[in-house]
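In what follows, a single structure is set out as structure tokens and then discussed.
Just so it is clear, none of the values below were taken in a lab; they were calculated from the coordinates. Keep in mind that what you see is a predicted model, and the values were worked out from it rather than measured. In this analysis, Cβ positions are derived from the backbone assuming ideal geometry, glycine residues included, and neighbour counts consider all displayed protein chains.
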Amino acid sequence: VFGGWSTSATLPPFVGTGYLTDNNTGKGQGSVTFTPAIPQSGRYEVRFAYTAHTNRASNVPVTILHADGEVTLTVNQRKDPPAGERLLSLGQFRFEKDGQCYVLVSNEGTDGFVVIDAVQWIAVP
């Protein structure tokens with residue numbers, strides 16, 4: 001965790017007891033990196049949890065480092081994940097057991113509050 005992130009539990013739903021927020025300040029100075037222990041090499045769906053709201057950023061950069069390279073996606077946190085889902089799917093990627101990998105969420109150039117709740121890796125059969 002880099003930058004001035006605060007914890008909050010103002011807007012549910014969220015995973016656990018709350019989430020991190022940049023309070024719409026320190027743009028370009030904040031990032032959070034999730035580094036999992038991949039139990040088995042293979043394809044995983046990567047999912048991102050946040051609480052949507054009209055004051056959230058519409059352009060949150062999320063970078064995924066996986067076995068085949070790196071990709072940066074833009075997440076609109078003003079919109080809820082698809083109906084019935086609490087987490088937004090960022091896609092399926094190949095990861096190696098004990099290989100280098102991460103998901104990095106940044107507030108670089110964002111246009112509202114950035115909220116970071118959780119990242120989930122689900123093995124794809």
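Rg/Rh for segment 1-47: what does it come to with C-alpha atoms and Rh from Kirkwood? Checking Rg against Rh, the ratio lands at 1.07. In the chain, taking the dipole from charged Cβ atoms about the Cα centre, the farthest positive-side position among PHE48, PHE14, THR110 is held by PHE14.
In a Gaussian network model over the chain where Cα atoms closer than 10 Å are linked, find which of ALA49, ALA37, ALA57 has the largest mean-square fluctuation. Evaluated over the chain, the most mobile residue of the options is ALA37.
Using a cutoff of 8 angstrom between alpha carbon atoms and counting only pairs six or more residues apart, the relative contact order for the chain works out to 38 percent.
Run the dipole for the chain about the Cα centre, Lys and Arg Cβ at +1, Asp and Glu Cβ at -1, nothing else charged, and hand back the magnitude in debye, nearest 20. Before the final figure, lay out each step's value.
Working: 9 positive and 11 negative charges, 41 e Å.
Its charge dipole is roughly 200 debye.
Here the Karplus relation 6.51 cos²θ - 1.76 cosθ + 1.60, evaluated at θ = phi - 60°, turns the backbone of segment 112-120 into coupling constants of x, 5, 9, 10, 10, 10, 7, 10, 10 Hz, with x for every Gly and Pro.
Less than 5 angstrom separates the built amide H of ARG56 from those of PHE113, all sequence-distant by 5 or more or on a different chain.
Applying both filters, DSSP loop and at most 15 other Cβ atoms within 10 Å, to the GluC sites (Glu not before Pro) of segment 1-97 gives GLU85, GLU96.
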